[in-house]
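Here's the structure, in structure tokens; my notes come after.
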Amino acid sequence: MVEPKPRTEKFRIQTFNQIAPRGLKLLTTPQYSVRENQHSPHAIILRSFPLTTDHLSSNLLAIARAGAGVNNVPVDECTKQGILVFNTPGANANSVKELVIAALLLCARDVIGGIEYVNNLPNVIPEGDLKQHVEEGKRRFAGRELSGRTLGVVGLGAIGTPVANIACTLGMQVLGYDPFLSETSRQNVDSRVELVDELKDLFARAQFISLHVPLSPKTNAFVNDELLNYCHEGTCILNFARSEVVAPDAILRALDHGQLSKYFIDFPRREFLNHPKVFTTPHLGASTAEAEENCAVMAVRQIQDFLINGNIENSVNFPSVKLERSLDYRFTITNWNQPGVLQEILAVCSNVGLNITDMINKSRENVAYNILEVDGEVTDSLRTELLSVPNVVRVRALGRRNSNEL
């Protein structure tokens, strides 16, 4: 697909949901046209709006999700069409972490029940007997301290790691499970966190379990009857990952049989409504002003750097690629990761006498992405010829650099 030269027209950006003004303010320069009802956009910025393949127009280059999960974006189809999908990992981590800690406390102490009890007292007692009833009734809301108890954290990423670390400071014994934990990420985990190799061991030992894994075919309903059978009586599970990572019927059975004493979920499901042992919040994890602003700013900056410079950071379907600009002209090529494609691309450039001064080539699974810096403008005929190379999907010519555009 040959892309229009971006400097000859504005970048058209379509928004879904309410994107924080602090992020959108970065797009108020004449170079961008931002609308909710944008025709044939070059980029889309959204939060939880359920995007479909009908939204993938021929000019669409990238989609930025102002949040971590991208299960509301048709990522596989985007990849087939050469459309990048960005997310904003870590931008809302502090917001979610704080809510998880609040959930831990609410599971250990029946604060909600106590509040409801006190609020109902005027309906059942004479005015003068308040103190006596409070003292008599508070016994039923006695809880346990978190200190000395065991928390299992499944997934030690941008949210799971700070949850594990702060639990250590609360005096909890913390178990961590993450088979994909890199050495760099491991350094961010508190040394007091015990890393376990088997998920079943974590479920067997923990009194509280907090889930922080992305939704994928492997994690879909991975919390099932078999795994819950390892739990000892009275375990509490907190789910601030995604609703679908647990099997709801298995959770209900575990609650009925006493293996679970509470289930705290941030994603309402009809099966759990009004269940006495289920606490449900309306997807509040990232619903703070700070988190929404951080996600919006991060999403916009990633879109800008891609549209203007071709750089890629935090894409879920393309490799991370960054090349500092030293000349006015560069172009990018997306191709299927097959042998010989890059050699053919370079041969085409050589045949027309185009001097490549710098370049970078990265791949991710079956997708390869290239940034090539050149000392002259890339013509339409060259772009068309490059697109004729087998397995080349997209060719974008990027115009003159301008340090004031970012």
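The values are calculated or read from the model by the stated rules, or taken from the named source; none is laboratory data. Owing to the predicted nature of the structure, the values given are computational and were not obtained by experimental measurement. When we count neighbours, we look across all protein chains shown, and the Cβ atoms used for this are built from the backbone with ideal geometry, even at glycine. These area figures cover heavy atoms from the full protein model, side chains too; ligands, DNA and RNA do not enter into them. Shrake-Rupley method; radii C 1.70, N 1.55, O 1.52, S 1.80 Å.
Taking R0 as 45 Å, what's the FRET efficiency between ASP190 and GLU385 from their Cβ-Cβ distance, rounded to 0.05?
Values: r = 55 Å, r/R0 = 1.23.
With R0 = 45 Å, the Cβ-Cβ based efficiency is 0.20.
Might you work out the accessible area of HIS257 for me, using a 1.4 Å probe with all protein chains in place, and round it to the nearest 10 Å²?
Counting only protein heavy atoms, the figure is 140 Å².
Under a 5 Å amide H to amide H cut-off, with H placed in plane at 1.01 Å, what residues pair with GLN259 once short-range neighbours are removed?
Those qualifying (amide H under 5 Å, at least 5 residues apart or on another chain) are GLY234.
Ordered by residue, what ³J(HN,Hα) values in Hz, to whole numbers, does the stretch 231-245 give under the Karplus form 6.51 cos²θ - 1.76 cosθ + 1.60, where θ = phi - 60° and Gly and Pro are x?
5, 8, 4, x, 5, 10, 10, 10, 10, 10, 9, 8, 4, 6, 6
Would you mind computing Rg(Cα) / (2.2 N^0.38 Å) for the stretch 245-382, counting N as its residues? Don't jump to the answer; show the numbers that get you there.
Numbers: Rg = 24.7 Å, N = 138, 2.2 N^0.38 = 14.3 Å.
The value comes to 1.73.
Which FRET efficiency, nearest 0.05, do ARG270 and ASN220 yield, Cβ-Cβ r, R0 22 Å? Working shown, then result.
Details: r = 19 Å, r/R0 = 0.84.
So the FRET efficiency works out to roughly 0.75.
Tally up the carbon and sulfur contribution to the accessible surface of the chain as a whole percent, 1.4 Å probe, everything protein left in place.
On the way: 9530 of 19680 Å².
Here carbon and sulfur together make up 48 percent of the probe-accessible area.
Which pairs in the list LYS200/LYS277; LYS80/LYS362; LYS97/LYS131 are over 25 Å apart, alpha-carbon to alpha-carbon? If you can, show how the numbers build up before the last one.
Values: LYS200/LYS277 23 Å; LYS80/LYS362 17 Å; LYS97/LYS131 36 Å.
Going by Cα-Cα distance, LYS97/LYS131 fall outside the 25 Å limit.
I'd like to verify something in the chain: which complete DSSP H helices, judged by Cα projection on the helix axis, reach 27 Å or more and average at least 0.0 on the Kyte-Doolittle scale?
For the chain, where a helix must reach 27 Å along its axis and average at least 0.0, the hits are 289-309.
So how much slack lies between VAL124 and GLN31, counting 0.36 nm per residue of separation and subtracting their Cα-Cα distance, in nm?
Details: separation 93, 0.36 × 93 = 33.48 nm, distance 6.53 nm.
Stretched out fully, the VAL124 to GLN31 stretch lengthens by 26.9 nm.
Quick one: work out Rg over Rh on the C-alpha atoms of the chain, Rh as Kirkwood radius. Numbers along the way, then the final one.
Values: Rg = 26.0 Å, Rh = 24.0 Å.
Across the chain, the Cα-based Rg/Rh ratio is 1.08.
Could you derive backbone 3J(HN,Hα) for the stretch 259-274 from the dihedral phi with the Karplus parameters 6.51, -1.76 and 1.60 (θ = phi - 60°), listing whole Hz in sequence and x where the residue is Gly or Pro?
4, 10, 9, 8, 10, 10, 10, 9, 9, x, 9, 4, 4, 9, 4, 6
Going by a 4.7 Å Cβ-Cβ cut-off, which cysteines of the chain have no partner at all?
Lacking a cysteine Cβ partner under 4.7 Å: CYS78, CYS168, CYS231, CYS295, CYS349.
Express in whole angstrom the spacing between the alpha-carbon centres of the stretch 143-191 and the stretch 28-102.
Taking the Cα centre of each part, the stretch 143-191 and the stretch 28-102 sit 29 Å apart.
Compare LYS277, LYS97, LYS138 in a GNM of the chain, Cα atoms joined below 10 Å, and give the one with the largest fluctuation.
Among LYS277, LYS97, LYS138, the largest GNM mean-square fluctuation belongs to LYS138.
Could you please report the charge total around ALA108, scoring K, R as +1 and D, E as -1 over all other residues with beta-carbon less than 11 angstrom from its beta-carbon? All intermediate terms of the calculation are to be shown ahead of the outcome.
Details: positive: ARG109, ARG144, ARG149, LYS262; negative: ASP110, GLU145.
Taking every Cβ under 11 Å from that of ALA108, the sum is +2.
Of LYS131, LYS362, LYS218, which has the largest mean-square fluctuation in a 10 Å C-alpha GNM of the chain?
Between LYS131, LYS362, LYS218, it is LYS131 that shows the largest mean-square fluctuation.
Computed FRET efficiency, Cβ-Cβ of HIS133 and GLU233, R0 30 Å: what is it to the nearest 0.05?
Working: r = 32 Å, r/R0 = 1.06.
Efficiency at R0 = 30 Å is approximately 0.40.
With a 1.4 Å probe and every protein chain left in place, work out the accessible area per residue of the stretch 274-354 in Å², rounded to a whole number. If you can, show how the numbers build up before the last one.
Numbers: 3590 Å² over 81 residues.
Per-residue value: 44 Å².
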